[in-house]
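Below is one structure, written out as C-alpha cells; the observations come after it.
What follows draws every value from the coordinates through simple rules; no lab data is involved. Since the structure is predicted, the reported quantities are computational estimates derived from the model, not experimental observations. Heads up, the Cβs are rebuilt from the backbone with ideal geometry, glycines too, and the neighbour counts pull from every protein chain shown.
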Amino acid sequence: MAKGGKDTSTDKLLNVIRGKGDASAGSSAGGGAGQGKGKKGRGKGAGSARAPRGAKVARKSSSKVVVGVDIGPDSLRVARVSHSGGRPKLLGFHRIPYETPDAPDRPDFPQFLKAKLSETCGSPKGYEAWSLVSSAKSELWHIQIPKVPRRQIPDAVYWTVKKEKQFDDREFILDFEVQEEVVEKGQPKLSIMVYLTPRKQVESLKNLFHKAGVKLAGATISPIAIQTLYRSRWVGSDARTYAHLYVGRNWSRIDIFTNNNIVLSRGIKAGTNSMVEALVENYSSLGGTGEATISLSMEDEMPQLSSTQALTQDQAKHVLRSKLLGYDMSNAQPGAELGQEDVLRMIRPAVERLVRQVERTFEYYTTTMGKDRVEKIFFSGEITTNRMLMEFIHTQLGINSQLLDPLSPEYVGPGAVGPVTESERLEYNLVLALALSDNTITPNLLFTYRAKERERQVRRMDNAIMAMAGLIVVILFGIYLWQQTVIGAKQTEIATLQAQLNQYQPQVNRNLLIQWARKLNQKNIDLKRASQMYEGMSVVSELSRLTPPSIKVTDMQLNLGPGEQPEQQEQKQGRRRGRSARQDDSEQLLILDAVVLGDPEQFDTTLTSYLIKLENSRLFDAPVIHKRVVEDFSTSGEVLHFVIHINLM
C-alpha cells in the first residue's frame with residue numbers, strides 16, 4: 001500500500017490480474033502469448049505455415065487469386081487469397097526467413113524472390129501480386145475542396161495539394177480518394193484522402209518484381225493496407241469511429257477510421273525499443289541480479305535488487321520478449337529474476353508516453369477537427385499480445401479495445417490450422433491485407449487517379465459505343481420484325497392467291513402456257529394475213545364513210561406496197577411511227593383527187609372538216625395537201641379542186 005492507504009492504478013490492475021490467476025505464469029491460452037514457453041523465437045521458426053482448412057479452395061478455380069508479398073527486415077511473408085465474388089478465401093500463408101540479414105539489399109535478392117514465389121504460389125500468370133511501400137517517407141492527410149463536377153476533381157485536388165506541400169512530381173507520386181461529402185459553413189465540400197509517396201521507392205519495388213519475373217499489380221502503404229482489412233469485410237467493427245494502434249520497434253502508428261475510411265494517420269516516435277531503453281535504465285538504476293522484492297505501493301516503487309550488474313540493449317530485448325511474450329530464457333541470464341509485473345513497472349514510463357501520444361491524437365481529432373469520439377481501438381504489433389500491457393493501456397484510454405487478429409478462428413473459421421499464438425498470427429496482418437487488396441477498395445500507387453481517369457474515359461467511350469451498337473441492334477431488330485410482318489402478310493396473300501389458283505381447271509403449268517402462247521401467236525398471224533387481204537377494201541370503206549356528199553372523189557390511187565409477212569409489217573409500222581409523214585412516201589400511200597361542190601364560201605370550211613376527219617381516222621395518218629385550186633367545171637360550175645396524199649397507218 002502507498003501512503004494514505006490508496007491503491008494506484010497499477011496496483012488495481014495487478015490485483016485484478018492476480019484474481020484471475022498467477023500472472024507470472026504468462027498469458028492464458030486464450031491470449032496466446034504465454035503459450036510460447038519452450039519455443040526458440042520466431043526468427044528461427046518454420047518457413048511456412050499451412051492454410052486453414054476452412055480457407056481451402058479447389059486447386060483449379062476460375063476465381064482471381066491475389067498474392068500479398070511483404071518484404072520484411074528479417075523474412076519474406078506471403079499470403080494467397082482467392083477472390084470469387086463472395087467472401088475472400090484464404091489459400092495459404094508463408095514465412096520465409098532470409099539467409100543473411102542484408103538479403104533484401106543483395107543483388108541476388110530478385111532470384112530469391114522469384115524462387116520463393118514460384119514455390120509458394122506457382123506460375124506468375126495465375127495470380128496478381130500486391131506489395132508494400134515503406135510509409136516512413138510517405139505522407140497521408142485529408143483536404144477539403146469545393147464540390148465540383150467529377151471531371152474537375154483531379155485538377156482541384158492536384159492544385160490544392162501543390163499549394164500545401166510544394167512537392168515535385170518527378171520525386172513524389174500523388175494519389176487520392178474521394179471519401180464523402182461534408183458541409184462546412186453551409187457550403188457543400190468534398191472530403192479527400194490524399195497521400196504522397198517517394199517515386200523512387202515505388203520504382204525500386206516495381207523493378208525488383210520485374211527482375212523476379214512477376215508483374216506487380218498493386219502497391220500501397222501500411223495505413224491503407226490496414227484500411228483494406230476493414231473494407232474487405234474480413235475484419236468488422238461494431239463502432240462507427242474506431243482506431244488502430246500499431247506498436248513497432250522504433251515507432252508506432254495510430255490510424256483513425258470512420259465508416260471504414262481512414263480519416264487520420266499519425267506516426268509516433270515510440271515503440272518497443274523505447275520500452276527496452278526504459279527497461280535498461282530502470283534495471284541499471286536498481287542494481288543487477290538477485291532476488292527482487294515487489295512493492296505495490298502507491299508510488300509504484302521499483303523492485304529492490306542486490307547487485308549492480310546492468311543490462312545491455314540485446315539482453316533487455318530478450319528479457320522483454322521472454323517475460324511479456326513467453327520466449328525461453330535461462331535462469332543464468334541477466335534479468336531472469338524479474339517477473340512479468342517487474343518488467344511492466346520498469347517499462348511503464350515508455351508505455352505512458354505512448355498512451356499520452358495516443359490521447360493527444362484522439363483529442364486533436366475530436367476537439368480541433370470537430371469529429372466524433374473514437375469508440376474503439378484495435379491493437380497490433382508483437383508486444384500488444386501481452387494481456388497485462390493491453391489492460392493497462394485500456395485502463396488509461398478508457399475505451400473499448402481489441403486485438404487486430406485477422407487470422408484468428410473468429411475470421412478464418414473454427415478448427416483452422418495456422419500459427420498457434422497471437423504474436424505469430426499478427427505477423428501476417430499486413431501481408432493478408434495486401435492479399436485482400438483490390439483496385440475498387442484499395443488506393444494503388446501503380447494505378448493512381450490519373451490512370452483511373454484514363455480508364456474511366458475509355459470505359460465511357462466503350463459504353464457510348466456499346467450504347468450506339470445496342471441502339472443500332474434495336475433498330476435493326478425493329479426492321480427485322482417489320483419485315484417479318486410484311487413477309488407474313490405477303491405469304492398470306494400468296495396462300496390466298498394460290499388457293500384461288502388451285503380452283504381453276506385445268507391446272508396451268510409451263511408447258512400449257514407455252515402451248516397457249518403458240519396458239520395465240522398463230523392466231524395473230526392469221527388475223528394479220530386476213531387484214532392484208534382486206535386492207536384495200538377497208539381503206540375504201542373508211543374513205544366512203546368519211547367523205548361527205550359535198551365532196552366528190554374524181555380519182556383515187558392506193559399503193560399498198562409488196563406483199564409482206566406479218567412480222568415484217570410490224571417492223572415497218574414501227575419505223576413509220578418514228579418518222580414524220582412525207583409527201584412522196586412510196587409505201588402504203590393513198591392519193592386522193594377530189595373536188596368540193598356547193599357554195600364557194602364554204603369550200604375552205606368543208607375541206608378543213610374533211611381533213612380533220614381523215615386525220616382522226618384509225619386507218620389514216622395526217623393528210624398532206626399537194627394541190628388546192630378553184631376551177632370551173634362545165635357541169636358543176638365553180639368547184640375547189642384538191643389533191644391530198646394520205647399515209648396508211
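Restriction of the chymotrypsin sites (Phe, Trp or Tyr not before Pro) in segment 474-567 to DSSP coil positions whose beta-carbon has at most 12 other beta-carbons within 10 angstrom yields TYR504, TYR534. Taking amide H atoms as placed 1.01 Å from N in the peptide plane, the amide H of SER135 lies under 5 Å from those of SER222, each 5 or more residues away in sequence or on another chain. Starting from the Cα of ARG150, move 7 Å in the Cα-to-Cβ direction to define the label point; list residues of segment 425-454 whose amide nitrogen is under 13 Å from there. Inside the label zone: 452-454.
Cβ crowding within 10 Å ranks ASP526, ASP372 as ASP526, ASP372, fewest other Cβ atoms first. Extension gain for LYS490-LYS206 works out to 95.4 nm (0.36 nm per residue, less the C-alpha to C-alpha distance).
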